[in-house]
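Read the structure below first, then the notes.
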Amino acid sequence: MTATVSPQVADALRTLGPFDPEVCMSCGTCTATCPLGIDVLPRRVLRDAALGLEDHLLAEAEAIFSCLLCRACESACPAGVHISEDIRLLRRYLLRKEAR
Ligand code: SF4
Ligand code: SF4
């Protein structure tokens, strides 16, 4: 997939609430912990959001809305990323995009 980088994406997400994927170390612990076993949850989704890869986020919408918000990943994250809150903000962002 070609990637269009939009620096405005992370800025737009920060206007919706506290958004902190940039502290992610990309260790993969969260993905290994997630009970859903969906490849892109949550590490790649967070990376794509931090990088402003909007095309990727749109393609990952189903995974983003599948998240159970169980916080198992968040409890295991060594960097203290607020993963469930970040996913909530991503949902709000995608819903707003869809409403336009
Ligand atoms: S466990 Fe935390 S630091 Fe590691 S990839 Fe997931 S969000 Fe990033
Ligand atoms: S909060 Fe979402 S991404 Fe994290 S472990 Fe639960 S289902 Fe997976």
*Residues of region 46-86 satisfying the condition of being within 13 Å of ligand 1 (Cβ to nearest atom) and closer than 19 Å to residue 6 by Cβ*: 46, 47, 48, 49, 50, 86
*Report yes if residue 48 is modelled with pLDDT of 95 or more, more than 12 Å from the chain's Cα centre (by Cα) and of a type in the set (Asp, Glu), otherwise no.*
no
*Residue within region 11-29 that is touching a helix residue (DSSP H, G or I) at 6+ places or on another chain (Cβ under 6 Å), modelled with pLDDT of 95 or more and among the charged types (D, E, K, R) present*: no
*Quick one: which residue in 91, 44 is touching an Asp or Glu at 6+ places or on another chain (Cβ under 8 Å), part of a helix (DSSP H, G or I) and surrounded by fewer than 20 Cβ atoms within 10 Å (Cβ to Cβ)?*
44
*Name the pairs: first residue in region 48-63 and of a type in the set (D, E, K, R), second residue part of a helix (DSSP H, G or I), Cβ to Cβ under 8 Å, at least 6 apart or on different chains?*
48/56; 48/57; 54/9; 60/44; 60/45; 60/48
*List every residue pair whose Cβ atoms sit under 7 Å apart, with the two residues 6 or more apart in sequence or on different chains, where the first one lies in region 88-100 and is within 13 Å of residue 12 (Cα to Cα) and the second, anywhere, is surrounded by 11 or more Cβ atoms within 10 Å (Cβ to Cβ) and of a type in the set (Gly, Ala, Ser).*
89/17; 90/49; 93/12; 94/61
*asked:* Going through 52, 80 one at a time, which residue ends up being among the small types (Gly, Ala, Ser) and closer than 13 Å to residue 10 by Cα?
replied: 52
*Those residues of region 28-43 which are within 9 Å of ligand 1 (Cβ to nearest atom) and farther than 15 Å from residue 72 by Cβ, in sequence order*: none
*Within region 58-86, work out how many residues are within 13 Å of the chain's Cα centre (by Cα), crowded, with 16+ Cβ neighbours inside 10 Å, within 11 Å of ligand 2 (Cβ to nearest atom) and hydrophobic (A, V, I, L, M, F, W, C).*
6
_Could you go through region 5-17 and let me know if any residue there is exposed (fewer than 14 other Cβ atoms within 10 Å of the Cβ), farther than 17 Å from residue 96 by Cβ and touching a residue at least 40 places away in the same chain (Cβ under 8 Å)._
yes
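The values are calculated or read from the model by the stated rules, or taken from the named source; none is laboratory data. Nothing here was measured: the structure is a model prediction, and the numbers come from that model. Counting neighbours? That spans all protein chains shown, and the Cβs are built from the backbone with ideal geometry, glycine included.
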